[in-house]
1. Here are B:Leu373, B:Leu403: which of them is among the hydrophobic types (A, V, I, L, M, F, W, C), within 25 Å of B:Arg165 (Cβ to Cβ) and in a loop (DSSP other than H, G, I, E, B)?
2. Only one residue in B:Ala424, B:Ala455 is crowded, with 18+ Cβ neighbours inside 10 Å, among the small types (Gly, Ala, Ser), under 30 Å from B:Val291 (Cα atoms) and modelled with pLDDT under 95, so which one is that?
3. Among residues belonging to the range B:214-233 that are out of contact with any Gly (no Cβ under 7 Å at 6 or more places or on another chain) and of a type in the set (Gly, Ala, Ser), point out the one that is farthest from the other protein chains (Cβ to nearest Cβ).
4. Among A:Ile225, A:Ile249, which is the only one that is more than 14 Å from chain B (Cβ to nearest Cβ) and closer than 30 Å to A:Ala186 by Cα?
5. Show me the helices (runs of 4 or more DSSP H) found entirely inside the range A:76-160 where at least 3 residues are under 21 Å from A:Ala194 (Cβ atoms).
6. Any idea which of A:Leu277, A:Leu294 is part of a helix (DSSP H, G or I), more than 12 Å from chain B (Cβ to nearest Cβ) and of a type outside the set (Asp, Glu)?
7. Being without any contact (Cβ under 8 Å) to a residue 60 or more places away in the chain and of a type in the set (Ser, Thr, Tyr) is the filter; apply it to the range B:172-230 and report the residue that is nearest to B:Gln282 (Cα to Cα).
8. Pick out the one residue from B:Gly111, B:Gly96 that is under 14 Å from A:Thr70 (Cα atoms) and within 12 Å of chain A (Cβ to nearest Cβ).
Amino acid sequence: MTTTTTPPATGTTTAAGPAPQPSRRTGAVARWLRHGGLSTLVFFLPLLLCFGLFSWWPIARSLLLSLQQTNFLTSRWVGLANFERVLADPLLLTALGNTTWFTVLALVIGFPVPVVLAVLIAELRRARAIASVLVYLPVVFPPVVAVLLWKTFYAPGAEGLFNTVLGWVGLGPFAWLNNGDMAMPAIVVQATWATFGTATIIYLATLMGIQTELYEAAETDGAGIWSRLWNVTLPQMRGVMLVMALLQIIGTFQVFTEPYVMTGGGPENRTLTLLMLIYRYAFVAGDYGRATALSLLLALVLAVLSAVYLWVTRRWSTS
Amino acid sequence: MTTHRHRLLGATALALSGALLLAGCNSGQQDTAAEVDTEAPVTISVSNKPTAESPEELASFERRLEQFTTEHPNITVEAEETEFEPDTFQALLAGGQLPTVFLVPFTEMQGLIARQQVADVTDYLGPHEVLQSINPSVNEVVKGDDGGTYGVPTNAYSMGLIYNRALFEQAGLDPDAPPTDWEGVREAARAIEEGTDAQGFATMTTENGGGWVLTTTSYGFGGLMQSEDGTQATVDNEATKEVLQTYREMRFTDDTFGDNFLMNYDDINNAFAAGQIGMYVQGADQYSTMVTTKGMDPEHFGVGPLPQTEDGLGTLGGGTVAIVNPTATPEEITAAMAWIDHYYFQRYSDEEVARADAEASVADGLSVGVPALPLLDQEADDRYLGWIEDQINVPRENYTAYLESTRTLPLVPEPPVKAQELYATLDPVVQAVLTREDADIDALLAEAQSTVQSAIELG
């Protein structure tokens with residue numbers, strides 16, 4: 001009976017004569033296995049499958065769909081025709097303008113609110129936890145429920161909640177969502193209410209992490225409350241604020257639920273956003289080629305924003 | 001030598017491709033309805049199985065299913081509760097999960113036919129006499145440009161004037177005499193506004209509803225939104241201008257249009273069921289939604305024919321169509337047609353089935369005898385209603401005018417090309433007229449005309 005033994009990886013020879021040299025690849029595999037490569041792969045595999053199936057494959061499929069005309073039974077390559085049709089749609093500029101307007105308003109109205117709230121809560125000596133819970137409460141609301149609730153508040157008649165309250169001081173009634181100029185700001189206020197809790201908690205955590213010595217030193221130097229805020233608090237928070245601002249821009253550029261539920265894009269397309277246009281292409285017109293083409297264009301814009309985000313944050317972190 | 005071999009391979013490949021192509025063509029030709037083995041075992045899936053929330057309907061469905069499989073032992077039917085949703089239809093199709101027989105609304109048919117997402121069943125109607133005798137004006141919705149038939153309507157209604165009979169009475173109006181022209185609608189709206197807490201009139205304005213109702217109402221004023229062949233948009237027409245002018249006067253002169261002009265299908269139905277709206281244009285099938293789903297008093301629900309001007313063309317139809325999965329084999333299509341005949345039409349030929357179905361619906365608290373268009377001819381409809389007379393729980397005597405109109409008022413088809421995009425384009429037009437007193441109707445329609453024409457030409 002003959003037996004075979006695996007030659008040592010070091011390449012030593014046996015008494016029986018020179019053993020065949022292990023190939024470089026076999027050695028690498030053995031080394032990989034010895035260093036726990038297999039277990040790494042086993043742990044990595046579910047992640048790989050999940051991302052592959054639910055993220056990367058849909059992205060690749062979108063890319064393919066954007067170059068095709070399909071009814072999901074047969075597909076035809078159409079080159080860049082879908083992109084041309086998207087760019088020729090007069091509603092694209094309307095939707096882009098509205099989305100940009102929403103983003104700007106969300107930044108102007110929505111960005112300072114959590115910063116101010118976080119600073120105020122941080123100053124509380126008591127009931128800070130309760131204040132944090134109360135501030136975070138709107139985030140717990142299911143988004144559609146919250147949007148429908150606000151839609152009721154914005155009822156345009158004199159009996160609407162906001163109009164009733166404003167009526168006590170002789171204001172209104174306002175048309176709110178029914179008015180082309182007021183609709184988008186009204187949606188931004190709702191969206192701010194729904195999301196400011198998360199940002200406040202993040203800012204609060206940052207504030208709690210600022211070394212008290214800095215404030216003590218500032219006080220010793222005679223700094224008042226505004227001076228401390230301006231010279232200590234805000235500089236310490238600026239990194240987080242920048243990240244939050246850019247994440248907010250990326251998030252708000254993809255706004256859909258609020259205008260879809262509150263106004264359906266009206267009045268007169270004044271709240272029609274890019275994602276709503278994508279939705280219309282796909283589910284109203286059944287044109288997935290155009291829908292994926294616009295999705296990719298939006299992704300491209302967001303990728304550019306992300307690049308700016310990375311560039312700016314690196315610059316800030318080293319300054 | 002190599003070149004020669006490549007040429008040889010190329011020629012062989014070409015010949016093989018040609019042969020395969022021909023074989024493909026031939027096999028396609030052979031697989032017609034006439035060649036189908038109707039005795040071969042086949043499995044089909046069907047949608048809209050009643051849910052456990054309607055136990056009697058479910059029991060009735062299962063009885064009918066059992067009866068079907070007894071009569072067709074080679075056909076296995078797998079029933080699913082799946083229902084049509086605009087957001088999931090494409091996913092079902094793409095994922096190969098679309099049931100063999102699937103119910104879709106009338107409004108989807110034209111898009112499905114244009115995108116070739118539905119099977120052509122023309123050649124499979126032969127053995128089913130009842131499926132060939134469907135009311136021609138209703139059946140128009142399943143016809144393609146090529147003259148083919150792409151489905152079977154299973155119920156149909158026409159758009160009409162929905163009104164609240166209780167509010168009519170409160171306002172001193174006769175609930176049995178709904179307005180038949182738009183001057184009458186305006187007068188009734190003013191009376192409701194003055195005599196009740198409700199608003200006189202309303203219309204949907206979002207999610208394509210505004211355009212859909214504007215199109216319907218334009219038919220009543222004598223205007224079409226597209227040429228008959230669908231190549232020309234005719235949105236910018238006199239009738240539609242008149243409709244919008246009427247809207248404007250009701251909104252700003254009469255002040256009978258309320259103050260919310262962002263209403264989708266659910267918003268307006270909820271408001272009507274709650275007694276907040278006097279009248280609106282919608283399908284007569286709203287009875288079930290209002291009474292069964294939203295708890296409205298059956299005696300409060302009223303429906304009249306769509307008001308017409310002297311030039312009025314008629315009204316738009318609505319309803320449900322049973323389509324067949326476009327990937328179905330000829331055997332599956334044959335089995336699907338047998339199921340559709342059995343499940344949706346046997347009630348018109350079999351009194352026992354008609355009565356059992358009606359009894360099950362009544363037991364589940366559903367409405368029986370809802371005002372609708374005759375699916376077949378008037379005689380078949382009357383016979384069916386006679387069989388289930390003692391089960392009818394809908395006060396049909398309240399809808400005399402509407403029911404009479406189903407025999408006389410012409411049914412005008414939907415715009416033949418890109419109807420949903422057309423409706424979406426018209427939503428902002430309606431919103432503009434209702435929210436801005438200075439809205440330029442001519443300019444709005446001219447712009448909409450250009451947008452719709454571009455959409456038609458883009459293909």
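1. Numbers: B:Leu403 fails: in a loop (DSSP other than H, G, I, E, B).
Selected residue: B:Leu373, the only one of B:Leu373, B:Leu403 that is among the hydrophobic types (A, V, I, L, M, F, W, C), within 25 Å of B:Arg165 (Cβ to Cβ) and in a loop (DSSP other than H, G, I, E, B).
2. Working: B:Ala455 fails: under 30 Å from B:Val291 (Cα atoms).
Exactly one residue qualifies, and that residue is B:Ala424.
3. First pass over the range B:214-233, keeping only residues out of contact with any Gly (no Cβ under 7 Å at 6 or more places or on another chain): B:214-218, B:223-233.
So of that shortlist, the ones also of a type in the set (Gly, Ala, Ser) come out as B:218, B:223, B:227, B:230, B:233.
Numbers: B:Ser218: 20, B:Gly223: 22, B:Ser227: 20, B:Gly230: 15, B:Ala233: 15 Å.
If we take residues in the range B:214-233 being out of contact with any Gly (no Cβ under 7 Å at 6 or more places or on another chain) and of a type in the set (Gly, Ala, Ser), then B:Gly223 is farthest from the other protein chains (Cβ to nearest Cβ).
4. That would be A:Ile249, the only listed residue that is more than 14 Å from chain B (Cβ to nearest Cβ) and closer than 30 Å to A:Ala186 by Cα.
5. Working: elements: A:81-88, A:90-105, A:112-123, A:128-140, A:143-153.
Answer list for the range A:76-160: A:90-105, A:112-123, A:128-140, A:143-153.
6. Details: A:Leu277 fails: more than 12 Å from chain B (Cβ to nearest Cβ).
The conditions single out A:Leu294.
7. Within the range B:172-230, the match that is nearest to B:Gln282 (Cα to Cα) is B:Ser218.
8. Values: B:Gly96 fails: under 14 Å from A:Thr70 (Cα atoms).
Exactly one residue qualifies, and that residue is B:Gly111.
The values are calculated or read from the model by the stated rules, or taken from the named source; none is laboratory data. Note that the coordinates shown come from a computational prediction; the quantities given were computed from them, not determined experimentally. Every residue, glycine as well, gets a Cβ built from its backbone with ideal geometry; the counts of neighbours run over all protein chains shown.
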